[in-house]
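The values are calculated or read from the model by the stated rules, or taken from the named source; none is laboratory data. Here the structure is a predicted model, which means the values were calculated and not measured. Cβ placement follows ideal geometry from the backbone for every residue including glycine, while neighbour counts extend to all protein chains displayed. Please note that ligands, DNA and RNA were not included when accessible areas were found on the heavy atoms of the full protein model with its side chains. Shrake-Rupley method; radii C 1.70, N 1.55, O 1.52, S 1.80 Å.
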Amino acid sequence: VKEHGRNSVRQFIPEMGATAISRLNMEGALRRGLERGEFALHYQPKIDLRSNKIVGAEALIRWHHPQIGLIHPIEFISLAEQTGFILLLGEWVLTEACRQQMAWQQQGLPSLKVAINMSSRQFRQEDLSERIAAIFAGTGADPRNFILELTESMVMQDVDSTLITLRALKNLGVAISLDDFGTGYSSLSYLRKFPIDELKIDKSFINDIHENPDDAAIASAIIAMALSLGLQVVAEGVERKEQADLLIGMRCNQVQGYYFGRPMEAASFAKAVSAQQDA
Ligand code: C2E
Ligand code: CA
Ligand code: CA
Ligand code: CA
């Protein structure tokens, strides 16, 4: 099975054969999978472009199905979102990331920031910040080591309640990142109004920056704007050295992408971090 991308959908279906997962089966399989411990988080390095070091990771969920094998989130997140299962899964994701972050600290790794993807259903829970606070309290993890990634469409849905939720989350100590930036329709004025800390420029703007001057101009403008608003700016989907070099020239803060490291199991991530400490 290929690692990534939209192609994996096509490759996934034939392999499922007789089990051809109907929506209903998939729902049950997800629930059982969570009970049986079939989910795992993989971690993709986030690299600071000034120090050229790993400063954190994005946690990305994977499903190790006993028959089908590795299943990527594109196959199940939207169903989980529709059925509401994402609420349970989302709590598992944060709990697991907290546990892992603390384990890395106990192993003596430098303090690493872990970014968590939030779904829109989670984000619209009335008691979201209480739920998140309870997970931090229960695991003992420090909220200041975590970044919550939200998409533009999520935050723009109801800007008044977004502002209330964001303030409550910020009070806990977590950082807020606007994911897939540029693909939604956020009014730029909200970048100022919302208490956000980071912008992640969507991969679609990064793909061709090394060969398309228009894309390079857009990326450069987003970076300049983010910096002038005092936000961290992260480019995602960096696959080539030429892209990284351009982003350095544009004063982008951080990068994430296959060129620097794929999403990997926690143990491999820890190895990559300690290797750079020894270097
Ligand atoms: P995303 O948040 O935009 O995550 C980035 C995706 O791009 C990840 O796919 C990552 O593996 C992939 N990627 C990273 N670098 C590169 C690169 O250089 N080239 C290419 N082609 N791809 C790259 P992944 O892990 O399959 O996740 C897909 C989406 O599923 C995520 O998009 C996110 O929206 C969602 N997702 C993943 N984990 C979670 C989770 O725990 N909770 C929720 N609610 N959603 C999740
Ligand atoms: Ca993300
Ligand atoms: Ca993204
Ligand atoms: Ca995305």
May I ask you to list pairs of residues, at least six apart or on different chains, whose Cβ atoms are under 9 Å apart, with the first in the stretch 176-190 being farther than 14 Å from Ala219 by Cα and the second being open to solvent by 50 Å² or more (accessible area, probe 1.4 Å) and within 12 Å of ligand 2 (Cβ to nearest atom)? Asp179/Asn117
Does Ala235 qualify as being over 26 Å from Leu88 (Cα atoms) and touching a strand residue (DSSP E or B) at 6+ places or on another chain (Cβ under 9 Å)? yes
Filtered residue count, the stretch 181-214, keeping only those that are among the hydrophobic types (A, V, I, L, M, F, W, C) and either more than 25 Å from Leu246 (Cα to Cα) or assigned to a loop (DSSP other than H, G, I, E, B) (or both): 4
So how many residues does the stretch 149-160 have that are over 16 Å from Arg192 (Cα atoms) and in a helix (DSSP H, G or I)? 2
Residue count, the stretch 224-244, condition crowded, with 22+ Cβ neighbours inside 10 Å and more than 16 Å from ligand 1 (Cβ to nearest atom), comes to 1
Do you know which residues across the stretch 245-264 are more than 15 Å from the chain's Cα centre (by Cα) and either within 19 Å of Leu229 (Cα to Cα) or exposed (fewer than 15 other Cβ atoms within 10 Å of the Cβ) (or both)? Asp245, Leu247, Ile248, Gly249, Met250, Arg251, Cys252, Asn253
Ala133 meets each of (1) surrounded by fewer than 20 Cβ atoms within 10 Å (Cβ to Cβ); (2) over 18 Å from Gly173 (Cβ atoms); (3) among the hydrophobic types (A, V, I, L, M, F, W, C) with one exception, condition (2)
May I ask you to list pairs of residues, at least six apart or on different chains, whose Cβ atoms are under 8 Å apart, with the first in the stretch 75-97 being farther than 16 Å from Gln125 by Cβ and of a type in the set (D, E, K, R) and the second being open to solvent by 50 Å² or more (accessible area, probe 1.4 Å) and in a helix (DSSP H, G or I)? Glu75/Val9
Of Phe205, Phe269, which residue is among the aromatic types (Phe, Trp, Tyr), under 22 Å from Cys98 (Cβ atoms) and either free of Cβ contacts under 8 Å to residues at least 60 places away in the same chain or open to solvent by less than 60 Å² (accessible area, probe 1.4 Å) (or both)? Phe269
For the stretch 95-122, enumerate the residues that are in a helix (DSSP H, G or I) and out of contact with any strand residue (DSSP E or B) (no Cβ under 6 Å at 6 or more places or on another chain). Thr95, Cys98, Arg99, Gln100, Met102, Ala103, Trp104, Gln105, Gln106, Ser120, Arg121, Gln122
Cβ pairs under 6 Å, 6+ apart or interchain, first in the stretch 141-168 and at pLDDT below 95, second open to solvent by less than 50 Å² (accessible area, probe 1.4 Å) and away from ligand 3 (no atom under 16 Å from the Cβ), ordered by first then second residue, are Val155/Thr162
Among strands (runs of 3 or more DSSP E) entirely within the stretch 38-93, at least 2 residues that are hydrophobic (A, V, I, L, M, F, W, C) and open to solvent by 20 Å² or more (accessible area, probe 1.4 Å) occur in 53-65
Just checking, does the stretch 171-181 include any residue being farther than 24 Å from Leu112 by Cβ, away from ligand 1 (no atom under 11 Å from the Cβ) and out of contact with any Phe, Trp or Tyr (no Cβ under 9 Å at 6 or more places or on another chain)? no
Subset of the stretch 171-207 [of a type in the set (Lys, Arg) and within 18 Å of Met250 (Cβ to Cβ)]: Lys200, Lys203
Tell me which residues, restricted to the stretch 171-195, are open to solvent by less than 20 Å² (accessible area, probe 1.4 Å) and more than 16 Å from ligand 4 (Cβ to nearest atom). Val174, Ile176, Leu191, Phe194
